[in-house]
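S.K.: Structure provided below as structure tokens; questions to follow.
The values are calculated or read from the model by the stated rules, or taken from the named source; none is laboratory data. Note that the structure is predicted; figures quoted are calculated from it, not measured. With ideal geometry, Cβ positions are generated from the backbone for all residues, glycine too; neighbour counts draw on all protein chains shown. Note: accessible area is taken over every heavy atom of the protein model, side chains too, but ligands, DNA and RNA are not part of it. Shrake-Rupley method; radii C 1.70, N 1.55, O 1.52, S 1.80 Å.
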Amino acid sequence: MSNSTITPWVVGNWKMNPMHANAVQLVQEFKQLLQQQDIDPTKCHIGVAPISIALTQIQTQLKDAARPIYTVAQDVSRVAGIGAYTGEVSAELLKDSAIEFVLVGHSERRELFGDDVAILKAKLQNALNAGLTVIYCVGESLEQREQGLAEQVVLQQICDIAPVVQAEQWKNVVIAYEPIWAIGTGKTASPADAQAMHAKIREGLKQITSSGANIAILYGGSVKAENAVELAACPDIDGALVGGASLNAQSFYQIAKAFAQSK
Ligand code: PEP
């Protein structure tokens, strides 16, 4: 048990998965597991991030779960408000649909969809200004790690957003450290390496904001039921952003349980 006052978060990032029928089944299975009521709602926030067209539907399906499960958007527009922006979904529109959480800066968005610092700052600022809670993802590539640049890269990614986060908005920011080489590869950072990076992130956050000690720092990168207990035992790992394993109700449930019971 750690002395941290941070309630852990376990968030499933479904990415561009699954098909509708499988999503319905996944939610049903997960809700059934939650009926065991052995994940104390005060000990762990749980969220799932479905594809955008399924957000409100999944949210409705989760309403009668045995404990609150947040519905999280995977992305948000860099444009605020409403208007002639074909294909975009703004923070205000998410809020209007009672979606209160959003991922920003996932490495797949940075690498595949051109989300650069300017775009990420706009997305983050819009989301926070609309009153959403942002899970901001950071992480280094394998090449950067091998060059000894991991810490520098990750801290820079946090410094990048600092200018657009107002002092009172840090309480609505969660950081997810996701080393890119560990995402979807089956390779997890060792708990010691992950803890070391999380401690550095914590130090960095404390220098940026007086709320730094209270910001949850999640780990992401091939988290599964088999390694969750060990990761959850690390003092600065306040939860997990889970990709592949969140598509299996039992695995996701075990991961949430590991974090709820370790803190
Ligand atoms: C992710 O993409 O956020 C992620 C952590 O994926 P996976 O768990 O599959 O590595």
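S.K.: Please give the length that would be gained between residue 56 and residue 86 if that part of the chain were fully extended, namely 0.36 nm times their separation in residues minus their C-alpha to C-alpha distance (nm, one decimal).
M.R.: Result for the pair: 8.8 nm of gain on full extension.
S.K.: Next up: For the stretch 115-158, what is the accessible area per residue in Å², given a 1.4 Å probe and the full set of protein chains?
M.R.: Numbers: 1800 Å² over 44 residues.
So the stretch 115-158 comes to 41 Å² accessible per residue, rounded to a whole number.
S.K.: Now for a different question. Bin width 10 Å, alpha-carbon pairs only: give the P(r) of the stretch 174-216 as whole percents, running from 0 to the bin holding the largest distance.
M.R.: Answer for the stretch 174-216: a P(r) of 27, 46, 23, 4 percent.
S.K.: Then there's this: Among 192, 170, 37, flag the residue with its Cα farthest along the positive direction of the charge dipole of the chain, charges on Cβ as +1 for Lys/Arg and -1 for Asp/Glu.
M.R.: Going by the Cα projections, it comes out as 37.
S.K.: Please report Rg over Rh for the stretch 18-73, where both radii come from the alpha carbon positions and Rh follows the Kirkwood definition.
M.R.: On the way: Rg = 11.1 Å, Rh = 11.6 Å.
With Rg and the Kirkwood Rh in hand, the quotient comes to 0.95.
S.K.: In terms of modelled amide H atoms, which long-range or inter-chain residues lie less than 5 Å from the amide H of residue 223?
M.R.: Amide H to amide H, under 5 Å and 5 or more residues apart or across chains, residue 223 pairs with 243.
S.K.: OK, next. Fully extended, how many nm does the chain gain between residue 65 and residue 192 (0.36 nm per residue separation, minus their Cα-Cα distance)?
M.R.: That pair, residue 65 and residue 192, stretches by 42.2 nm at full extension.
S.K.: Restricting to lysine pairs 8 or more places apart or on different chains, what number in the stretch 79-244 have Cα atoms under 28 Å apart?
M.R.: Lysine pairs, 8 or more places apart or on different chains, close enough: 15.
S.K.: For residue 17 and residue 117, calculate 0.36 nm times their separation in residues minus their Cα-Cα distance, and state this gained length in nm to one decimal. It would help to have the intermediate numbers written out before the result.
M.R.: Working: separation 100, 0.36 × 100 = 36.00 nm, distance 2.65 nm.
Full extension from residue 17 to residue 117 adds 33.3 nm.
S.K.: Hey, if you put +1 on the Cβ of every Lys and Arg and -1 on every Asp and Glu Cβ in the chain, which of 70, 179, 105 ends up farthest toward the positive end of that dipole?
M.R.: Among 70, 179, 105, the one farthest towards the positive end of the dipole of the chain is 70.
S.K.: Using modelled backbone amide H atoms (1.01 Å from N, in-plane), which distant-in-sequence or interchain residues come within less than 5 Å of residue 9's amide H?
M.R.: For residue 9, whose amide H was placed from the backbone, the distant partners under 5 Å are 45, 239, 240.
S.K.: Something else: Roughly how many Å² of residue 85 are accessible to a 1.4 Å probe, to the nearest 10?
M.R.: 120 Å²
S.K.: While we're on this one: Assigning unit charges at the beta carbon (Lys, Arg +1; Asp, Glu -1) and nothing else, what dipole magnitude in debye, to the nearest 20, does the stretch 18-73 show about its Cα centre?
M.R.: Rounded to the nearest 20 debye, it is 100 debye.
S.K.: Something else about it: Which whole-percent values make up P(r) of the stretch 128-263 when all C-alpha to C-alpha distances are grouped in 10 Å steps starting at zero?
M.R.: Calculated P(r), rounded to whole percents: 13, 44, 33, 10, 0.
S.K.: Translational D (Stokes-Einstein, µm²/s) of the chain at 25 °C and 0.890 mPa s when Rh comes from the Kirkwood sum over C-alpha pairs?
M.R.: 134 µm²/s
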